[in-house]
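Here is the structure we will look at.
Laboratory data are not the source of any read-out in this text; all were calculated from the coordinates shown. Computed from a predicted structure; not experimentally measured. When we count neighbours, we look across all protein chains shown, and the Cβ atoms used for this are built from the backbone with ideal geometry, even at glycine.
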């Protein structure tokens, strides 16, 4: 029910994913009459793999997590998470209120043993492919111990998602040992001891986009600022490119020829292509889709959930974390 | 003597600035034989407005600020700052070691009354023009009081540099009151009390690039990460655009037509166009040029210094800070 477009985006994205993956089964959790109405506009829906679970309440995008926790037992988000807890679903994907989703996920699913705080992780495009960044905003104040846990979780998750011996780096304001704040320095010394992690040291903001690491770790304040400023810059560049080809008649003509190419670039760089942030460290799979993501972005989030189910990510994390954290 | 290209970049940039501004006089501080040698390659140099000040030592780009402070009394950076302190120069521009430049600036020039810590401020391009961001890395651990001081200094500086009633915002992970860490929340409440500042509240990373504020305030850790990740992303986009037009023969042909346009875009977005970070809060003008900046970037830094001299920025800051801080 959440996100900027609600079920108007989620329903068509779900149908597209069902069409591309014959093993997928989806439950749409939310206000049944609305969901049925939107579904009725589509023909040929295979209802054997798609069912609707009614939930009477909706958590608003501006609602405080504490309100969402206490006041709405029948919120769609909560009902979906309870389905994961009870084994009636393997993963929950939501475009709703991030803070509420995290609070409810912790409350309903609980964290894995040894994990103090779950983290949000997403993939960013880099020069050489992509890199996983965490935390993206679930934890705005982090100690060294939390950064260490994020690094461990990010490394295990990246490996499960196909990266061999992921290079793990701590985001910092310089590459030298003396740079950084206390938390980062202490986290680095913890990571240097952890032999099972391929810790490559500090990375700067530009190194991330140069593809120097597979997993980049920072606190949620920094990660959120990095992610959103990158989105803003990418949007600005896209707008400037459009403007560039409108400056003069010759520019317009070149623009007509170049636009299909530039459109494909925008596609590559847009967050939509990488949409879907994993909540790591929970006893279950939860994927947060960007609130502003359209149909294609939500499909990416569902695919991310499928990949984590296939790799049994929480189980793998559980096993590795026992060695590394406890 | 500093930066990736040393005097090989600084000398031609200086000559270009002297040619464009007949009121400018420059002193090149560093190893005189090397500087003379590079100068001798250029013809028609007006030595009445350009003189060389010999300094025998150089601070390395990786040297610790504490070493630079203690061990090198005749470092070019230090000699240049002493010229500003003694009134023999109105501003110091350097492409050298940032930490050393900041430490020496504080030691040689001292801070303005009421300022605990100087801050680094630079302009970033936005959708609607540009915005000033501070701190960029001088202070990796900041309390609310420091953020408040940065906001005051940024506001006064932006006004002096031509922005009418600058909109000042605090960088945060959300626009709502409940978002953020303790320092940011406390700084916001201090700024709401300061009537002389046009404080517009929190801003997110994407809002910065949408041009929602004229001055954006954050701690040096966050500011540095934002700046460098933006540089990295801009470089990556430029590279992808080049790659895009090499994919096929038709793409190459379109590329030949589009490249002049795209080059101008790159120019607009490249940090070089906005190069030159001001050290605010000192009893003198110090501009840090990006270590990787080439000739054109260093020219921007010299121009920034000229503008601050014209506006008598430290004096203006001094007057306003007395009202706002003391």
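Peptide B:167-175 shows a mean partner chain C-beta count of 3 within 10 Å per residue C-beta. Placing a label point 7 Å from Cα along the Cα-to-Cβ direction at residue A:310 gives distances to the equivalent points in the other copies of 6.0 nm, listed shortest first. Only Cα pairs under 8 Å and 6+ residues apart enter the sum, and on that basis the relative contact order of chain A stands at 23 percent.
Label-to-label distances for residue B:256 across copies, nearest first, come out at 1.9 nm, using points 7 Å from Cα in the beta-carbon direction. Remark on the range A:120-172: Rg and Dmax equal 11.2, 31 Å (Cα only). Take A:89-102, A:10-23 and order them by the average number of nearby Cβ atoms within 10 Å per residue, most first; the result is A:89-102, A:10-23.
Panel order for A:215, B:45, A:168, by other beta carbons found within 10 Å of each beta carbon, from fewest to most: B:45, A:168, A:215.
In a solvent-free Debye calculation with one equal scatterer on each Cα, what is log10 I(q)/I(0) for the range A:31-71 at q = 0.20, 0.26 Å⁻¹, listed in the order of the q values? Here log10 of I(q) over I(0) equals -0.72, -0.90. Over the protein assembly as shown, the alpha carbon radius of gyration divided by the compact-protein estimate 2.2 N^0.38 Å works out to 1.03. Classify the range A:168-324 as rounded, prolate or oblate, taking a ≥ b ≥ c as the square roots of the eigenvalues of its Cα gyration tensor: rounded when a/c is under 1.5, otherwise prolate if a/b is larger than b/c and oblate if not. It comes out oblate by the Cα gyration axes. Which of rounded, prolate, oblate describes the range B:155-240, given a ≥ b ≥ c as roots of the alpha-carbon gyration tensor eigenvalues and a/c under 1.5 marking rounded, otherwise prolate only if a/b is larger than b/c? It comes out oblate by the Cα gyration axes. Each other copy places its own label point for residue A:113 at 6.4 nm from this one, sorted shortest first, where the point lies 7 Å along the Cα-to-beta carbon line.
For peptide B:177-187, the mean count of partner chain Cβ atoms within 10 Å of a residue's Cβ comes to 2. What residue among B:125, B:166, B:250 has the largest mean-square fluctuation in a Gaussian network model of chain B, using Cα springs under 10 Å? In this elastic network of chain B, the residue with the biggest mean-square fluctuation among B:125, B:166, B:250 is B:250.
Shape class for chain A: oblate, because the ratio a/c of the largest to smallest gyration tensor axis (alpha-carbon atoms, square roots of eigenvalues) is 1.5 or more and b/c is at least a/b. Among B:254, B:237, B:108, the largest mean-square fluctuation in a Gaussian network model of chain B, built with springs joining Cα atoms closer than 10 Å, belongs to B:254. For the peptide A:234-245, the mean number of other protein chain Cβ atoms found within 10 angstrom of a residue's Cβ is 5. Think of the axis that spins chain A onto B; the A residue whose C-beta lies nearest it, and the distance in whole Å, is A:258, 2.
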